[in-house]
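Novice: One structure is given below, represented as structure tokens, and several questions about it will come after.
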Amino acid sequence: MTRLMILGLSALMLTGAAGCDRAKSAFSRGGYVEDGVRFKPRVQADKEDRAAFSVSVRSAERAPEAAREGARVEATRYCIKHYGNSDITWEGQSPEDEDIVIAEDGNIYMNGRCSTW
């Protein structure tokens, strides 16, 4: 009876750990993964005003909707890390826009500002 309980708990723990790895890989520091496509969005803060930033996603033409979501996730991470909240005011195109403009180089570019306290 005890062996069966230990075996059952071990199997349950292994299954749970595998699920955590999959969730972690979608939002890891190595980028953002959606529909099997990995993007590495990059946030660049303004030197004069760190609340203002630009975010870019390379090769967005591979999956524009996933790239747009990757930009939103990375911008949100930046604002939470530096300002403690996820409120962003977008300037120009934003991740909420249905039609995202992809630049000639295949990348998307967005500008935003983190809401400060």
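Values quoted throughout were computed directly from the atomic coordinates according to the rules given, and no laboratory measurement underlies them. Keep in mind that what you see is a predicted model, and the values were worked out from it rather than measured. Neighbour counts run over all protein chains shown; Cβ positions are idealised from the backbone, glycine included.
Novice: What's log10 of I(q)/I(0) for segment 74-117 at q = 0.24, 0.31 Å⁻¹, Debye sum over Cα points only, no solvent?
Specialist: Ignoring solvent entirely, the Cα scatterers give -0.83, -1.08.
Novice: Now a separate question. Under a 5 Å amide H to amide H cut-off, with H placed in plane at 1.01 Å, what residues pair with ASN85 once short-range neighbours are removed?
Specialist: Long-range HN contacts for ASN85: ILE80.
Novice: Can I ask one more? What is the P(r) of segment 39-97, as percent of Cα-Cα pairs per 5 Å bin from 0?
Specialist: 4, 19, 30, 26, 14, 6, 1
Novice: Moving to a separate point now. Roughly how many nanometres apart are two label points built 7 Å out from the Cα toward the Cβ at LYS81 and ALA103?
Specialist: Roughly 2.1 nm, to one decimal.
Novice: Express in nm, to one decimal, how much length is gained between GLN44 and THR116 on full extension, taking 0.36 nm for each residue of separation and deducting their alpha carbon distance.
Specialist: Result: 24.2 nm gained on full extension.
Novice: Give me, ordered by chain and number, the residues 5 or more places off GLN93 or on other chains with an amide H under 5 Å from its own placed amide H.
Specialist: ASN111
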